[in-house]
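The values are calculated or read from the model by the stated rules, or taken from the named source; none is laboratory data. Please read these numbers as outputs of a predicted model, since none were measured by experiment. Glycine gets a Cβ as well: all are built from the backbone with ideal geometry, and neighbour counts include every protein chain shown. Protein only, heavy atoms only, side chains kept; ligands, DNA and RNA dropped before computing areas. Shrake-Rupley method; radii C 1.70, N 1.55, O 1.52, S 1.80 Å.
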Amino acid sequence: SSPLAAVPNSDQLKTQVEWILQNEMVQHLDDLMLRRIRAGNMMPNGGAEILDIIKALCAQYLAWDESLWQAELARYQQIIASSYSVPA
């Protein structure tokens, strides 16, 4: 079972994501959110409530600037809307 089966506290989340970003060659936000920590699958709204934490960690460990974050966020939101949400 995933450590994110329940909403993690921010310290647990940060520790897990820091390790992943440093060791697992994450290229895209959807890879991190859907496959590495599975928050996009297990939390409401694709894990929107933790995206501020994720954004700061991606900036720190992957050197993502605001422009790259916005592009990754748009990509992620499109994937969530098309493949992980109930059809309208």
Worksheet item: Quick one: if you stick a label point 7 Å off each Cα along the C-beta vector at D65 and D11, how many nm between them?
Response: 3.5
Item to complete: Could you tell me what percent of the accessible area of the chain is made up of carbon and sulfur, with a 1.4 Å probe and every protein chain present?
Response: 50
Worksheet item: Quick one: accessible area per residue over the chain, 1.4 Å probe, rounded to a whole number of Å²?
Response: 60
Worksheet item: Of L51, L29, S85, whose Cα points farthest to the positive end of the dipole of the chain (charges on the beta-carbon: +1 Lys, Arg; -1 Asp, Glu; origin at the Cα centre)?
Response: S85
Discussion item. Run lengths n ≥ 4 of DSSP H only: what is the helix-derived mean residue ellipticity at 222 nm for the chain, with -39500 (n - 2.57) per run over all residues, to the nearest 500?
Written reply: -17000 deg cm²/dmol
Worksheet, complete the sentence: Expressed to one decimal in nm², the mean projection of the alpha carbon convex hull of the chain is 5.6
